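A.B. asks: Have a look at this one.
The values are calculated or read from the model by the stated rules, or taken from the named source; none is laboratory data. Quantities reported herein were computed from a predicted structural model and do not represent experimental measurements. We place every Cβ from the backbone using ideal geometry, glycine too, and count neighbours over all the protein chains shown.
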Amino acid sequence: MAGIVLRLGSEGYAIHVGRGLYETVLAQTLVGMDPARIVLASHPDILELHGSRLEDALRGMTAGDTSMMHFTFPPGEENKSLLTLERGYVALLEAGVTREDVVLAFGGGVVGDLAGFLAASYMRGVRYLQVPTTLMAMVDSSIGGKVGIDLPGAKNAVGCFHQPVAVVSDIGVLKTLPQREVNSGLAEVAKYGFLYDVELLSMLRIWESERSFEGTAIEKIIARCAGHKAEVVRQDERDVIGIRALLNYGHTFGHALESACGYQALRHGEAVALGMMMAARAAEMDGMAAGGLLELHRDVLMPLIAQVEAPEGLEVEVVLRRMLADKKRGRRQRFVLLEAPGEPRIVDSLDEDIVRRAVEEILRETWGMER
């Protein structure tokens, strides 16, 4: 098992990566918290796959007077909404949940974001644990305390910072992930490789050749990414000095793609993979990066999206409009670009022609899309 401690001033929390953690680390953490009630926030598919094991582990360790309630909602980014959040408030209020209780966010990034924001805002804040069940959430979204919901056309438009008590990543659950979900998480692994740790790219390629969730390789990859994320959050918890903003590599393009698809046709990692290739092409056209950066990105990322079909109705002009929306509202449009692998820079503006050409070229290369 790997254990990473995220230090935040005088406080902090542990990030655990390993196997069999529900029966050990998670249960023991809850015993130490001594809640009267555990709110298990998840969606039905996850509970069907892994809920019985989790609940058996918690019942075996928690005191007899600790009760458990479920708050479930359907999967999908479209359900990370005000409507779902309101349902959560009502469910917790009717069950008599207080600030002495604990919310357990059991799922991927959507569950972690929404359940974390529910915990942050209900009764002005209750404790919560992140228990991620996807590779994407384990390497990135469960760590750092960014929680929130989407508004129509605006991802993560409402939210706050609310750090969990702990993050418990049991990699045994990854064996049930669909292939596209695995690839989506690997794109986020690649992001850390491009930004901070080129060796991660080699580790990713080696693991891809075997695609085994047994052994220690995947545990090392997850722990390495979690360590990078923890260090970034330690330096810039609330994203005020720019260090944490580097984690948005590929996201300015990627979020526009997700929005243009209605948050349904593309998984987050797929959109970010395309976004990183667009960012690499933009860096080359801008003269920031030498030739070869895009080719490296293609080599790492194209296998992860090779089976993804072009989203029906996706149009280049819609993607560009979504990208330029912030600029038209008078906000800075920030891009994270690379001078070379391991050398990221934040760029506050980028020529609109470069943005357009990067989007057009990558969508044409990937899916044969024209304007």
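A.B. asks: Can you report the number of residues in segment 327-343 which are at pLDDT below 90 and crowded, with 16+ Cβ neighbours inside 10 Å? I'd like the intermediate steps shown before the answer.
C.D. replies: From segment 327-343, those at pLDDT below 90 are 327-334; that's our starting set.
From the residues that got through so far, the ones that are crowded, with 16+ Cβ neighbours inside 10 Å too are 333-334.
Summing the residues that are at pLDDT below 90 and crowded, with 16+ Cβ neighbours inside 10 Å in segment 327-343 gives 2.
A.B. asks: Does V39 fit the bill of being more than 15 Å from the chain's Cα centre (by Cα), β-branched (V, I, T) and buried (at least 23 other Cβ atoms within 10 Å of the Cβ)? Full working, then the answer.
C.D. replies: Numbers: more than 15 Å from the chain's Cα centre (by Cα): yes; β-branched (V, I, T): yes; buried (at least 23 other Cβ atoms within 10 Å of the Cβ): yes.
Yes: the conditions hold for V39.
A.B. asks: Now for a different question. When only residues in segment 122-148 that are among the hydrophobic types (A, V, I, L, M, F, W, C) and in contact with a strand residue (DSSP E or B) (Cβ under 8 Å, 6 or more places away or on another chain) count, which is surrounded by the fewest Cβ atoms within 10 Å (Cβ to Cβ)? Walk me through how you get there before you give the answer.
C.D. replies: Quick first cut of segment 122-148, residues among the hydrophobic types (A, V, I, L, M, F, W, C) only: 123, 126, 129, 131, 135-139, 143, 147.
Now drop any that are not in contact with a strand residue (DSSP E or B) (Cβ under 8 Å, 6 or more places away or on another chain), which leaves 126, 129, 131, 137-138, 143, 147.
Working: V126: 21, L129: 24, V131: 31, A137: 25, M138: 32, I143: 28, V147: 27.
Out of the qualifying residues, it is V126.
A.B. asks: State yes or no: is V147 over 18 Å from H16 (Cβ atoms), part of a strand (DSSP E or B), of a type in the set (V, I, T) and at pLDDT 95 or above?
C.D. replies: Details: over 18 Å from H16 (Cβ atoms): yes; part of a strand (DSSP E or B): yes; of a type in the set (V, I, T): yes; at pLDDT 95 or above: yes.
Yes, satisfied.
A.B. asks: So, one more: When segment 344-371 is examined, which residues are found to be surrounded by 13 or more Cβ atoms within 10 Å (Cβ to Cβ) and either aliphatic (A, V, I, L, M) or not in a helix (DSSP H, G or I) (or both)?
C.D. replies: First, the residues of segment 344-371 that are surrounded by 13 or more Cβ atoms within 10 Å (Cβ to Cβ): 344-347, 350, 352, 354-367, 369.
Of everything in segment 344-371, those that are surrounded by 13 or more Cβ atoms within 10 Å (Cβ to Cβ) and either aliphatic (A, V, I, L, M) or not in a helix (DSSP H, G or I) (or both) turn out to be P344, R345, I346, V347, L350, I354, V355, A358, V359, I362, L363, M369.
Yes or no, residue by residue, for (1) more than 30 Å from E258 (Cα to Cα); (2) surrounded by 19 or more Cβ atoms within 10 Å (Cβ to Cβ):
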residue	(1), (2)
M1	yes, no
S10	yes, no
G20	yes, no
P44	no, no
E55	yes, no
G76	no, no
K80	no, yes
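A.B. asks: Out of all the residues in segment 261-295, which are over 19 Å from L247 (Cα atoms) and not in a loop (DSSP other than H, G, I, E, B)?
C.D. replies: Residues satisfying the conditions are E284, M285, D286, E295.
A.B. asks: Looking at segment 96-121, which of the residues that are of a type in the set (V, I, T) and not in a helix (DSSP H, G or I) is surrounded by the most Cβ atoms within 10 Å (Cβ to Cβ)? Before you say what the answer is, go through the steps one by one.
C.D. replies: First pass over segment 96-121, keeping only residues of a type in the set (V, I, T): 97-98, 102-103, 110-111.
Next, only the ones that are not in a helix (DSSP H, G or I) stay: 97-98, 102-103.
On the way: V97: 24, T98: 13, V102: 24, V103: 27.
This residue is V103.
A.B. asks: To continue, here is another question. I'd like to check something: does segment 125-144 contain any residue that is in a helix (DSSP H, G or I) and out of contact with any helix residue (DSSP H, G or I) (no Cβ under 7 Å at 6 or more places or on another chain)? I'd like the intermediate steps shown before the answer.
C.D. replies: Within segment 125-144, the subset in a helix (DSSP H, G or I) is 135-141.
With out of contact with any helix residue (DSSP H, G or I) (no Cβ under 7 Å at 6 or more places or on another chain) added as a condition, the list becomes none.
Scanning segment 125-144 turns up no residue that is in a helix (DSSP H, G or I) and out of contact with any helix residue (DSSP H, G or I) (no Cβ under 7 Å at 6 or more places or on another chain).
A.B. asks: Can you tell which of R267, R298, R322 is closer than 17 Å to G368 by Cα, in contact with a helix residue (DSSP H, G or I) (Cβ under 9 Å, 6 or more places away or on another chain) and of a type in the set (K, R)? Even if it seems obvious, please write down each step before you answer.
C.D. replies: Numbers: R267 fails: closer than 17 Å to G368 by Cα; R322 fails: closer than 17 Å to G368 by Cα.
After applying the criteria, what remains is R298.
A.B. asks: Further question on the same structure: Of the residues that make up segment 253-265, is at least one without any contact (Cβ under 8 Å) to a residue 12 or more places away in the chain and either surrounded by 15 or more Cβ atoms within 10 Å (Cβ to Cβ) or closer than 25 Å to V347 by Cα (or both)?
C.D. replies: Checked segment 253-265: no residue is without any contact (Cβ under 8 Å) to a residue 12 or more places away in the chain and either surrounded by 15 or more Cβ atoms within 10 Å (Cβ to Cβ) or closer than 25 Å to V347 by Cα (or both).
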